[in-house]
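See below for the structure under consideration.
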Amino acid sequence: MQVSWLEAYKPILIRWDPTAGLTQRTDIDAPKSNRQNKHVLYGGQEGRCGGCRSHFEFRRFEVDHVIPRSRGGTDHIGNLQLLCGHCNRIKGDRPQEYLVARLAEIAG
Ligand SMILES: [Zn+2]
């Protein structure tokens, strides 16, 4: 049986719900440096890209705003994710849905 790429991807998306972090965590209100954020995100995503889900070394990741700042997204860690350079360039200043759809297209 064949599972579509998006279906396979869905449980991961649900598990890594940036908005869940906003309600569950109370210790992350203090502003953190980008590097600290990056470490927290790296652990939360288990070293996997928030787009293509591939595993990368820490230094290969770029911090991305799930909801772009231009669309009202904040710098809060709940709105941040790590993307590999490839995915970050696809997503650019667009919402996460765009990246997911584009990756699904590419995967066929
Ligand atoms: Zn990626």
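Observations
- Residues that are surrounded by 15 or more Cβ atoms within 10 Å (Cβ to Cβ) and within 13 Å of the chain's Cα centre (by Cα) were ranked within the stretch 48-57; the one that is farthest from VAL100 (Cα to Cα) is ARG48.
- Total residues in the stretch 80-108, condition closer than 12 Å to ARG53 by Cβ and not in a helix (DSSP H, G or I): 4
- Qualifying positions in the stretch 58-85 - over 16 Å from GLN36 (Cα atoms), within 13 Å of the ligand (Cβ to nearest atom) and surrounded by fewer than 16 Cβ atoms within 10 Å (Cβ to Cβ): GLY85
- GLY21 being in a helix (DSSP H, G or I), more than 16 Å from the ligand (Cβ to nearest atom) and at pLDDT 95 or above: no
- Checking the stated criteria, ARG89 turns out not to satisfy the condition of being closer than 16 Å to ASN34 by Cβ, out of contact with any Cys (no Cβ under 7 Å at 6 or more places or on another chain), surrounded by fewer than 18 Cβ atoms within 10 Å (Cβ to Cβ) and at pLDDT 95 or above.
The values are calculated or read from the model by the stated rules, or taken from the named source; none is laboratory data. For clarity, every value in this text was computed on a predicted model and none was experimentally measured. When we count neighbours, we look across all protein chains shown, and the Cβ atoms used for this are built from the backbone with ideal geometry, even at glycine.
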